[in-house]
Structures are given as structure tokens and as C-alpha cells.
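In what follows, a structure is listed as C-alpha cells, so that the remarks can point back to it.
The values are calculated or read from the model by the stated rules, or taken from the named source; none is laboratory data. For clarity, every value in this text was computed on a predicted model and none was experimentally measured. Heads up, the Cβs are rebuilt from the backbone with ideal geometry, glycines too, and the neighbour counts pull from every protein chain shown.
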Amino acid sequence: MVKTVARERRRLGSPPPGGISPADPNPYGWGPFVVLFVVGMVDRIEANLMSGVLPLIQAEWGFSDTVAGSIPTAAALAAAAVALPAGYLADRHSRTRIITVVVLCWALATLGSGLATGLAAFYLMRVLLAVAENVDNPAVGSLLADFYPAATRMQVYGWTRMTTYLGGVGTLLGGVIGQALGWRAAFLVTAVPGALAALLVWRLREPPRGQMDRIMANAATVPRQSPPPGAAEPPQAPPPGAAEPPQALPPGALEPPQAGPPQGDPAPLPGATVKPPFRAEVRQVLAIRTLRLVALGVMILTLGLGGVYYWLPSLMVRVLGMGTGVAGGVSGGIGVVGVLAGTVIGSSLGKRLHGRVEGGRLLVGGSGITVGSIVLGVALLTDSPALLVTLVLLAVTISATAIPTCTACVADVVAAGSRGVGFAVLQVLLTVGVAFGPLVVGVASDATGSLLVAMYALIVPMVLGGLVVLAARGSYEREAARVLAAARDS
């Protein structure tokens, strides 16, 4: 019975009863990760339904490819406008409350999409959905860094941020449900998970902001303070349970937060600095070279992948003669399997190279983007359905190795008090990529009369995106060490 209660508390995001040890890679348990992963999955399912049902909507309302491509563009631009303020908000207020409200808004916007009686109303619902989605991303990124130490961040970031690229799930559901019950049913059915996800987040406790960095930073000082062999040991920290000054937190000395309401941002910890105004904080974050290069490289990747995969079901319908349900199912399956495999491979390779090769995580991510983009270009050259599916799956798998590696690097180089804005910067650039990829392909398709030719406009930029990520290796180690030094001195 005691064990059952302990597991339940950990699932809600409570720390272990004995305090947090620097050696523990998972002090809060997997509950916070599961909750935030579910949030990401609901986000992507609701956002990508349209790709699977797009042929059905176009058949009913008769709009052009340019108009179809402009819907995600308008939605993404509106979302980009709120991303930085959302990051600023996440650095100052309860992140669990922010996410809860946002997820409920997703459900309402998805419901409105299914009930829309015309293109204008449908267009508006898709824009509102995208705006709500971008408000929660900085809060999720900030929460994960306070729940999990560096040893585990690549795995949890990889799997939660992987959902950003798991549009295949929504595409698959949209195509299958749309084919069987009509495109409106696809939106109405998937509005339900949003309310359930909101309930999960509402029960998640808020961790102390920046505590995990301080634990890692103080633990990292121990080897450098060790005396030479044979020398007397320095005085040890007081035994567990003794009072500790806030600026010296040895392993195991941190006590869990006292019992209190499950919601609300914790009180500021001793030594916390005054947060700068919005513009000053954005400038500070943008001064981080690793963040700028990684965000730019991933944005270019998203530009290409967003454009190609948004139109992939339509390409299969028009060029390969597949039915809407089959095309949506195949495209969605490629996305799901490829992203899952790439995330697992990227996490494994990144963990193996991190600390052994300078910027090892970024070496994996940048190389994956570059090679995966080249493979995707080769895939589009073939007219064999089987070969096309095989090569596109391989391209997605290789490119997806960048998901865990690049996201973990962002958390490493941005200080805890500014991670909301840091992930907001990443989200703004990702959103720009999502915005213009489908539109570029749609406009080029109308201009050339060939959807296949239009997709090639995005292959070269994707290769360049991988090279940009590789360039970030030169500053990663220095800027990650700076974050830990600042946490140690706080």
C-alpha cells in the first residue's frame, strides 16, 4: 500500500521522499514525461488532421492548391507572433496552468473545425488552433529541464519533441476517418482527447524552477575539489537531514518541496536574480550562438519536411493513383515509424558521443539532417510506389536523429530562468518553417502544373540546414559550461 501511494505521488510530479540526489537520472519518475508526451501527441494529431482530409475538403469546397497551402502558412505566422510572449509568460507564471488552458483551447478549435460551414470559418479555426499550440511549447520545454537532469534530458526531450514531427498520426487518422465517416467526423472525434489531456496536466505538480541545474552544478564541483591521492579528505557536508545554506547544496541535501496545492508556481528560491524585462531577456537569449544556429538549422529542416509531407498524401493520390484513405494511411505510417526509429537511434548515438567528441550531440543531429535530406531528394526521383515509400521512410528516420540531440542542446545552453524564452525562440523559427513549406510547394505546383516538381524547391535548403547545425558545435561546450557555472554561483 505504501509503495502504491509513493508511485502515485511520483506520477503527479512529486519528488522522492528522501530528496533529490545528483546521481539519480530520474528523480521525479516518468509521470511528468508521460503527461507532457500525451500533450504533444494530442497537439500533433489535432494539427495534422487536415493533411489527411485535404483532398476531401478541396473536393467539397473547390479551392486551389495555393489557398490550401496558405492555411498552414497563415496559422503558423499567427502562432509565431505569440511564441515569444508565451515564453516570457512561462518564465514567470505557473507552467502547468498555462498548458492546461491551452490544451482546452485546442479541443475547442478542433471542434470548431469540424462544425465549420464554410472555408472562412474553417480557416479561422485552423489559425486559432495554431496560436494555442504555440503558447504551450515554451512551458513544456522549461518544465522538462526542471524535472530531469542532463543525463536524461536527451531521452525525454527527444520523445516529447518527437511529437512535433509525428504529424503522421494525425494524417493517418484524418485519412482513415475521413474516408469512412467524412472529413468533419475526423475533427469531431479527435476533439475529445484534448479535454482528457488537460485533466492530466492539471494534476501535475510544478517543480522548483532551476533546482535541477543547481543540483548538477554543485555535484560537478566535487571532482575538482578532490584532494590528491594520500592527502587528507576535506570536511564533508553535514549528514542528511541537517540544515544546509542555500548556496551550498551537496548531493542528497536538497529536501523535497513541502506539501501544498498541486498547482501554482513555487515561491522564488534563495539567490534567485531579478528577471529582466521582456526585450532584454529576448536579447540575452538571442546572444547564445548555439541556440541561434540550432534553431535556424532545425527551422530549415522543418521548412522542407513540412512542405513535402503536407503534400505527400496528395502526391500519392494524384501521381500514384492511391485512394485518399490509403494515401493518408501510408504517409502517416511513414511519419510515425520513421520518427520513432530516428529518435531512438539519435538518442543512442548522441548519448554515446556526448562528452567524448566535441559537440557530439550536434554532430549526430547535423549529419542526420544533411544525409536525410539528400535521401529524400533521391526518393522523389522514383516512380515506383514501393521504392518511394522505402526511401522516404529511410529519409525520415535519418533526419529524425536531430530531434533528441538538437532539443537537448537548447536546454543545455539556456539558463533555467530564461528557458521559456529560449524554447520560444526555437518555436518561432520552427513555426516559420511550418508556415512557408506548404505554401512554397502549393504556389510552385500551381505555377508548374506538377506537384512533384514543386517539392524539389525545398531539398537544397534542407541540406543547408544540416550544415548550419554542424556549425553550432564550435560554441556548444563553452556555452553549456557557462550555464552550469551560473547555476553553481546562484
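Return the residues of region 279-321 that are touching a residue at least 60 places away in the same chain (Cβ under 8 Å) and outside any helix (DSSP H, G or I); say none if nothing qualifies. If the condition is that a residue be touching a residue at least 60 places away in the same chain (Cβ under 8 Å) and outside any helix (DSSP H, G or I), then 288, 319, 320 are the ones that fit. Checking each residue in region 122-164 for being hydrophobic (A, V, I, L, M, F, W, C), over 21 Å from residue 81 (Cβ atoms) and surrounded by fewer than 24 Cβ atoms within 10 Å (Cβ to Cβ) picks out 150, 151, 159.
If I filter region 384-403 down to residues being within 20 Å of the chain's Cα centre (by Cα), assigned to a helix (DSSP H, G or I) and modelled with pLDDT of 85 or more, which single residue comes out as surrounded by the most Cβ atoms within 10 Å (Cβ to Cβ)?
So the residue we want is 402.
Being within 19 Å of the chain's Cα centre (by Cα), touching a residue at least 24 places away in the same chain (Cβ under 8 Å) and under 18 Å from residue 35 (Cα atoms), is that true of even one residue in region 114-131? No. Those helices (runs of 4 or more DSSP H) of region 405-490 in which at least 2 residues are among the β-branched types (Val, Ile, Thr) and in contact with a helix residue (DSSP H, G or I) (Cβ under 8 Å, 6 or more places away or on another chain), considering only elements entirely within it, cover 419-448, 459-471.
Going by the conditions given, is residue 343 buried (at least 24 other Cβ atoms within 10 Å of the Cβ) and of a type in the set (S, T, N, Q)? So residue 343 fits the description; yes.
The helices (runs of 4 or more DSSP H) found entirely in region 162-256 that carry 2 or more residues being modelled with pLDDT under 80 are 167-181, 211-225.
For residue 381, the conditions (1) surrounded by fewer than 24 Cβ atoms within 10 Å (Cβ to Cβ); (2) closer than 25 Å to residue 289 by Cα; (3) not small (Gly, Ala, Ser) all hold with the exception of (2). For the subset of region 405-448 comprising residues that are at pLDDT below 85 and of a type outside the set (A, V, I, L, M, F, W, C), which member is surrounded by the most Cβ atoms within 10 Å (Cβ to Cβ)? Applying the filter and picking the extreme gives 437.
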